[in-house]
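Please find one structure pasted underneath; my questions will follow.
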Amino acid sequence: MTAPKISHALAREDPPSLFEQYKQLANLELETTKLRHTTFTAILAVSFILPGLALKPEVESQAASLPGLPGVTLSKAVFVLGFLFYLFALFHYAWHHRYSHRYRKQLKVIEERLGIEVYRLRVRPKIWRFKLHFDWALQMIGIIYAAITAIYVGWRLFAVTLAIVVGTYLIRMAISAFQSDEPLEG
């Protein structure tokens, strides 16, 4: 089977200039950041909406318990699910944020070669010598959210839920050691 003629035409084209590569990478970084922020915001909103729905007043005698889990009401399960969504939002943010750093690092390398400054002008915000980090604020909120969740649903349910989620994730990680490397597109 012969390759399509279009691939021959593409093979004869000159590679993109360094500036064109810069523009493409800058666009990729921008679009990745937009996607990360949009998705993160949506997941984070869900993480706070769920506990709000769970807090509707329940009459203890009429509270629906989950089958096989006496004392675990639907309200508590929904509340802890909200916290799990919060953790997923943080994981999503960190996962995609690392790509932004890789793209920006390469953009700075290209800028140096081109003799321009756009991304090289970016600096971490500081108060005097103290650096500010957005993710630190998210982590502090997470600690407070975790404490409120544990108090509302009970420390035992909270610990068991986290153990199940972290444990199953670690099992999946162990299984991945025997799978081919990703991304799977190759």
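For the chain, what is the mean residue ellipticity at 222 nm derived from helices alone (per DSSP H run of n ≥ 4: -39500 (n - 2.57); sum divided by total residues; nearest 500 deg cm²/dmol)?
-24500 deg cm²/dmol
Taking Rh as the Kirkwood radius, which is the inverse of the mean 1/r over Cα pairs, what is the Rg/Rh value for the range 84-186?
Using only Cα positions, Rg/Rh for the range 84-186 is 1.11.
Run through the range 77-186 and list the trypsin sites (Lys or Arg not before Pro) located in a DSSP loop whose Cβ has at most 13 other Cβ atoms within 10 Å.
The qualifying sites are Arg122, Arg129.
Return an integer: the convex hull volume of the alpha-carbon atoms of the chain, in Å³ per residue.
224 Å³
Return the carbon/sulfur percentage of the accessible area of the range 64-137, one whole number, probe 1.4 Å, all protein chains in place.
Using a 1.4 Å probe with all protein chains present, the range 64-137 comes out at 65 percent carbon and sulfur.
So for the chain, if I pair up every lysine 8 or more residues apart or on another chain, how many of those pairs have alpha-carbons under 30 Å apart?
Summing the qualifying lysine pairs gives 15.
Can you tell me the length gained on complete extension of the stretch Leu35 to His96, counting 0.36 nm per residue apart and subtracting the Cα distance?
Full extension of this stretch gives 21.1 nm more.
Translational diffusion coefficient of the range 72-130 at 10 °C, 1.306 mPa s, Stokes-Einstein with Kirkwood Rh over Cα pairs, in µm²/s as a whole number.
Translational diffusion coefficient: 107 µm²/s.
Still on this model: Suppose all protein chains stay in the model; what accessible area per residue would a 1.4 Å probe give for the range 78-180, in Å²?
73 Å²
The values are calculated or read from the model by the stated rules, or taken from the named source; none is laboratory data. The model shown is predicted, which means the values in this text are computed figures rather than measured ones. Reconstructed Cβ throughout: ideal geometry from the backbone, glycine too, with neighbour counts over all protein chains shown. For the accessible areas, the whole protein counts, side chains as well, though only heavy atoms, and no ligand, DNA or RNA atoms are used. Shrake-Rupley method; radii C 1.70, N 1.55, O 1.52, S 1.80 Å.
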